[in-house]
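Structure first, commentary second.
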Amino acid sequence: MSFDYDLFVIGGGSGGVRAARVAAGEAGAKMALAEADRYGGTCVIRGCVPKKLMVFASEFSALPAEAAAYGWDMSMGAFDWSKFSGHLNSELDRLEEIYRSLLKNSGVETFDARARLKDAHTVELSTGQTVTAKHILVATGGRPVRPDIPNAHLGIVSDDIFRLPKLPKSVLIIGGGYIACEFACILNGLGVEVTQYYRGAQILRGFDDEARGLIAESMREAGINLHLGTNIIEMASASADTTASTGGTGSDAAMGASARASGDLVEPAGKPGGPVWVKATNGSERVFDAVLFATGRDPNTDDMGLEEIGVQLGRRGEIAVDAYSQTSVPSIYAIGDVTNRVNLTPVAIREGMVFVETVFKANPTPVDHDLIPSAVFTQPELGTVGLSEEDAREQEPVEIYCTSFRPMRTAFAGQPDRVLMKLVVSKASRKVLGCHIVAPGAGEMIQLAGVAVKMGATKEDFDRTVAVHPTMSEEIVTMRTPMRVA
Ligand code: NDP
């Protein structure tokens, strides 16, 4: 049977674009790709890249106080959101163009269209075209979800942050995961009054407890109003004049009552991004200029014809795949967030590369999801690889090497900032099972520590590595006595 293409990729994000380029360029496959929105996907257009640029923007506000201790007479002017977001948007346009030309130069035909599966080898496009392919790769990513409460449409999600016409004066962030904590720090740094509600006992569930504790403490120290064990239970549109009386940051129950009395309560009144009255599980009622839901992401599998043609989906709608990213329909594969395995850009890229290796280079290669280093871009950052102390202790007896100290740079400026360096070591094999760093630049540090941990380095390998002095990360090779044995 002959097909129009060897491979048709649905989704032009990091994973899909990499798979398409490598299949066309290195494996010589006849390729096409469909993207319904912007090329570059979540990472480039509404995730990692603009987020990191916002992290940079937000960090400048701390500089004058620090610089003063170093002898500089520096004063901080106002932050101009429209100038920054204009620059940000042209940068994203530039990056999107690069993605388009990478595909074009690799010989990948592109369709600016939404794709739907008709059968195991046929794709229908929103342009009305129908194409066939020997293999189909679904790389449609995920999308932010709002909780199931009335008026949730009034809240914004992470996609909306980069398109705000102006920064809110006050924001309530719901959630305690990556996105909630990163945006709490970013917006706080940009001068927004930030309140964060997290329903659990400590933010960043799943990460090392000691690291979570230090980040929460640092966030509070920086001025973020973090409430643990707290969730939103009701929300409603608050009229502009209600908030005007307090500059949009009012916090009393009467304000909530007047907003409720304003008649704006009936859904679907109001629009995302306007002032919102919120009632919390702790009984407080407040009005915020904006509410940001950072309450997780769902895979993009709606209305794609997947189940109709026999592709199995999981509980959250994710595509079920085996170790080679193959779905229950043999000609269809899936990579990246749509499979809800490890939802990180470099993982999607890696999954795309091994898919090409497996399908187009006759070298079946399973995806290796073990010991993936990652970073949370809070302030300070968290860099992590391997097991948390809590998970390691469940598995085997461990030694914990840990130090927390005031780093030279900010200590000199009289600031209270602390950093954390931590190794979780197997008592039996001496292997470093986990490395956790909370510090400015921890994302950069953990990339390198990740190589050692992935190679199976022992504590003694770390010990015989000479320290780089004076740095924060030298502590990772100078800790001699375990803090705890468990
Ligand atoms: P996460 O799954 O990390 O966090 C979701 C948060 O929302 C959790 O704190 C969760 O609470 C809470 N939550 C979920 N449902 C509700 C609800 N109904 N009411 C109140 N709270 C709720 O998702 P994110 O959206 O933060 O990030 C999605 C993924 O994107 C991450 O898992 C990560 O893989 C990726 N990402 C990676 C980044 C990086 O590498 N730096 C940056 C940003 C995203 P609970 O803990 O109780 O479940």
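Considering only helices (runs of 4 or more DSSP H) fully contained in the range 1-120, which possess at least 2 residues that are within 16 Å of the ligand (Cβ to nearest atom)? Let's see the steps before the verdict.
Numbers: elements: 14-25, 41-46, 48-59, 63-69, 81-105.
In the range 1-120, 14-25, 41-46, 48-59 are the helices (runs of 4 or more DSSP H) which contain 2 or more residues that are within 16 Å of the ligand (Cβ to nearest atom).
Could you give every pair whose Cβ atoms fall below 7 Å, whose first residue belongs to the range 462-486 and is without any contact (Cβ under 8 Å) to a residue 40 or more places away in the chain and of a type in the set (D, E, K, R), and whose second residue is surrounded by 11 or more Cβ atoms within 10 Å (Cβ to Cβ) and part of a helix (DSSP H, G or I), counting only separations of at least 6 or pairs across chains?
Qualifying pairs under 7 Å: 463/477.
Do we have any residue at all in the range 142-152 that's within 20 Å of residue 47 (Cβ to Cβ), outside any loop (DSSP other than H, G, I, E, B) and open to solvent by 40 Å² or more (accessible area, probe 1.4 Å)? Show your work before the answer.
Narrowing the range 142-152 to residues within 20 Å of residue 47 (Cβ to Cβ): 142-146.
Those still in the list that are outside any loop (DSSP other than H, G, I, E, B) too: 142-144.
This time we only want the ones that are open to solvent by 40 Å² or more (accessible area, probe 1.4 Å), so: 143.
Yes: the range 142-152 contains one or more residues that are within 20 Å of residue 47 (Cβ to Cβ), outside any loop (DSSP other than H, G, I, E, B) and open to solvent by 40 Å² or more (accessible area, probe 1.4 Å).
Could you check, for the range 358-371, whether at least one of its residues is within 16 Å of the ligand (Cβ to nearest atom), open to solvent by less than 40 Å² (accessible area, probe 1.4 Å) and out of contact with any Ser or Thr (no Cβ under 6 Å at 6 or more places or on another chain)?
Yes, the range 358-371 contains at least one residue that is within 16 Å of the ligand (Cβ to nearest atom), open to solvent by less than 40 Å² (accessible area, probe 1.4 Å) and out of contact with any Ser or Thr (no Cβ under 6 Å at 6 or more places or on another chain).
For residues in the range 90-109 being open to solvent by 60 Å² or more (accessible area, probe 1.4 Å) and polar (S, T, N, Q), which is farthest from residue 167 (Cα to Cα)?
Restricting to residues being open to solvent by 60 Å² or more (accessible area, probe 1.4 Å) and polar (S, T, N, Q), the top hit is 105.
Within the range 50-82, restricting attention to residues that are within 24 Å of residue 443 (Cβ to Cβ) and among the acidic types (Asp, Glu), which residue is most open to solvent (accessible area, probe 1.4 Å)?
Let us first name the residues in the range 50-82 that are within 24 Å of residue 443 (Cβ to Cβ), namely 50-63, 65-67, 79.
If we keep only those that are among the acidic types (Asp, Glu) as well, we get 59, 66.
On the way: 59: 76, 66: 21 Å².
Ranking the qualifying residues of the range 50-82, first place goes to 59.
Here is a list of conditions, (1) away from the ligand (no atom under 14 Å from the Cβ); (2) farther than 19 Å from residue 14 by Cβ; (3) aromatic (Phe, Trp, Tyr), and residue 293 meets all of them except one; can you say which number that is?
Residue 293 satisfies all of (1) away from the ligand (no atom under 14 Å from the Cβ); (2) farther than 19 Å from residue 14 by Cβ; (3) aromatic (Phe, Trp, Tyr) except (1).
Could you grab the pairs with beta carbons closer than 7 Å, sequence gap of 6+ or different chains, first residue in the range 208-232 and free of Cβ contacts under 8 Å to residues at least 60 places away in the same chain and hydrophobic (A, V, I, L, M, F, W, C), second one more than 14 Å from the ligand (Cβ to nearest atom) and outside any helix (DSSP H, G or I)?
224/194
For residue 323, state whether it is in contact with a Gly (Cβ under 7 Å, 6 or more places away or on another chain) and away from the ligand (no atom under 15 Å from the Cβ).
In short, no.
Sort out which residues of the range 445-484 are open to solvent by 50 Å² or more (accessible area, probe 1.4 Å), within 21 Å of residue 398 (Cβ to Cβ) and of a type in the set (Ser, Thr, Tyr), and write them in order of number.
Listed by number, the residues that qualify are 465, 478, 481.
Of all residues in the range 153-206, which are part of a strand (DSSP E or B), open to solvent by less than 20 Å² (accessible area, probe 1.4 Å) and within 9 Å of the ligand (Cβ to nearest atom)? Walk me through how you get there before you give the answer.
The initial filter retains those residues of the range 153-206 that are part of a strand (DSSP E or B), namely 156-157, 170-174, 193-198.
Cutting the leftovers down to open to solvent by less than 20 Å² (accessible area, probe 1.4 Å) gives us 156-157, 170-174, 194-197.
Residues satisfying the conditions are 157, 174, 197.
Are any of the residues in the range 330-344 within 16 Å of the ligand (Cβ to nearest atom), open to solvent by 20 Å² or more (accessible area, probe 1.4 Å) and under 19 Å from residue 115 (Cβ atoms)?
The first filter runs over the range 330-344 and keeps only residues within 16 Å of the ligand (Cβ to nearest atom), leaving 335-344.
The next check asks that each one be open to solvent by 20 Å² or more (accessible area, probe 1.4 Å); those that pass are 337, 340-344.
If we keep only those that are under 19 Å from residue 115 (Cβ atoms) too, we end up with 337.
Looking through the range 330-344, at least one residue is within 16 Å of the ligand (Cβ to nearest atom), open to solvent by 20 Å² or more (accessible area, probe 1.4 Å) and under 19 Å from residue 115 (Cβ atoms).
Against the definition (within 21 Å of residue 206 (Cα to Cα), of a type outside the set (A, V, I, L, M, F, W, C) and under 28 Å from the mean Cα position of the chain (by Cα)), how does residue 456 come out, yes or no?
On the way: within 21 Å of residue 206 (Cα to Cα): no; of a type outside the set (A, V, I, L, M, F, W, C): yes; under 28 Å from the mean Cα position of the chain (by Cα): yes.
For residue 456, the condition - within 21 Å of residue 206 (Cα to Cα), of a type outside the set (A, V, I, L, M, F, W, C) and under 28 Å from the mean Cα position of the chain (by Cα) - is not met.
Can you tell me which of 416, 407, 380, 397 is away from the ligand (no atom under 16 Å from the Cβ), touching a residue at least 60 places away in the same chain (Cβ under 8 Å), open to solvent by less than 30 Å² (accessible area, probe 1.4 Å) and farther than 30 Å from residue 339 by Cβ? Break it down stepwise before answering.
Details: 416 fails: open to solvent by less than 30 Å² (accessible area, probe 1.4 Å); 380 fails: away from the ligand (no atom under 16 Å from the Cβ); 397 fails: open to solvent by less than 30 Å² (accessible area, probe 1.4 Å).
Just one listed residue meets the conditions, 407.
Rundown of residues vs (1) modelled with pLDDT under 55; (2) within 14 Å of the ligand (Cβ to nearest atom); (3) part of a helix (DSSP H, G or I), yes/no style:
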| residue | (1), (2), (3) |
| --- | --- |
| 216 | no, yes, yes |
| 235 | no, yes, no |
| 247 | yes, no, no |
| 255 | yes, no, yes |
| 258 | yes, no, yes |
| 264 | yes, no, no |
| 267 | yes, no, no |
| 272 | no, no, no |
| 286 | no, no, no |
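Within the range 121-140, is there a residue that is under 24 Å from residue 177 (Cβ atoms), surrounded by fewer than 18 Cβ atoms within 10 Å (Cβ to Cβ), within 23 Å of the chain's Cα centre (by Cα) and at pLDDT 95 or above? Even if it seems obvious, please write down each step before you answer.
Filtering the range 121-140 for residues under 24 Å from residue 177 (Cβ atoms) gives 139-140.
Next, from what is left, pick out any that are surrounded by fewer than 18 Cβ atoms within 10 Å (Cβ to Cβ): none.
Within the range 121-140, not a single residue is under 24 Å from residue 177 (Cβ atoms), surrounded by fewer than 18 Cβ atoms within 10 Å (Cβ to Cβ), within 23 Å of the chain's Cα centre (by Cα) and at pLDDT 95 or above.
Residue check, residue 210 against (1) more than 10 Å from the ligand (Cβ to nearest atom); (2) assigned to a loop (DSSP other than H, G, I, E, B); (3) within 30 Å of residue 406 (Cα to Cα), all met but one. Which one?
Result: residue 210 fails condition (2) only.
The values are calculated or read from the model by the stated rules, or taken from the named source; none is laboratory data. Just so we're clear, the structure is a prediction, and the values are computed from it rather than from any experiment. Positions of Cβ are generated from backbone atoms using ideal geometry, with glycine treated the same way; all protein chains shown enter the neighbour counts. The accessibility values were calculated without ligands, DNA or RNA, using every heavy atom of the protein model including side chains. Shrake-Rupley method; radii C 1.70, N 1.55, O 1.52, S 1.80 Å.
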